[in-house]
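Single-structure report; data block below.
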Amino acid sequence: MTRVTATEFKNNIGAFSDAAMSEPVIITSHQRDRLVLLSADEYRRLTGLPEGITEGDKLRITRGLERHRNTIMELAKR
């Protein structure tokens, strides 16, 4: 894993963005890990979100299911 300071990242964002396509890049501030830059594919793999589905979509689907849960449970009993 690559580890860089926030200043190094700011000055070389293109290079570190390219590096994040193959491995996470840890960005530090005051010698502490602050952020991790990773590819969109790796983010989707870690979160279980398929391509094209956003966090907002996932939240809306979850809310819709919760809202209709009682109806679904009643129908399932029939």
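Here the Karplus relation 6.51 cos²θ - 1.76 cosθ + 1.60, evaluated at θ = phi - 60°, turns the backbone of region 38-52 into coupling constants of 9, 5, 4, 4, 5, 4, 4, 4, 5, 8, x, 7, x, 4, x Hz, with x for every Gly and Pro. Within the accessible area of the chain, the carbon and sulfur atoms contribute 53%, probe 1.4 Å, all protein chains present. Report the antiparallel proportion of the DSSP beta bridges in the chain as a percent, rounded to a multiple of 5. Around 55 percent antiparallel, to the nearest 5.
If the segment from residue 60 to residue 32 were pulled out straight at 0.36 nm per residue, it would be longer than the present Cα-Cα gap by 6.6 nm.
Converting phi to 3J(HN,Hα) with the Karplus coefficients 6.51, -1.76 and 1.60 and the offset θ = phi - 60°, region 12-19 yields 9, 4, x, 5, 6, 5, 5, 4 Hz in sequence order, with x at every glycine or proline. Shape analysis of the chain based on the Cα gyration tensor places the equivalent ellipsoid semi-axes at 41, 13, 9 Å, largest first. The mean accessible area for residues of the chain, using a 1.4 Å probe and ignoring ligands and nucleic acids, is 84 Å² per residue.
The values are calculated or read from the model by the stated rules, or taken from the named source; none is laboratory data. Remember, it's a predicted structure, so these values are computed and weren't measured experimentally. The area values use the complete protein model at the heavy-atom level, side chains included, leaving out ligands, DNA and RNA. Shrake-Rupley method; radii C 1.70, N 1.55, O 1.52, S 1.80 Å.
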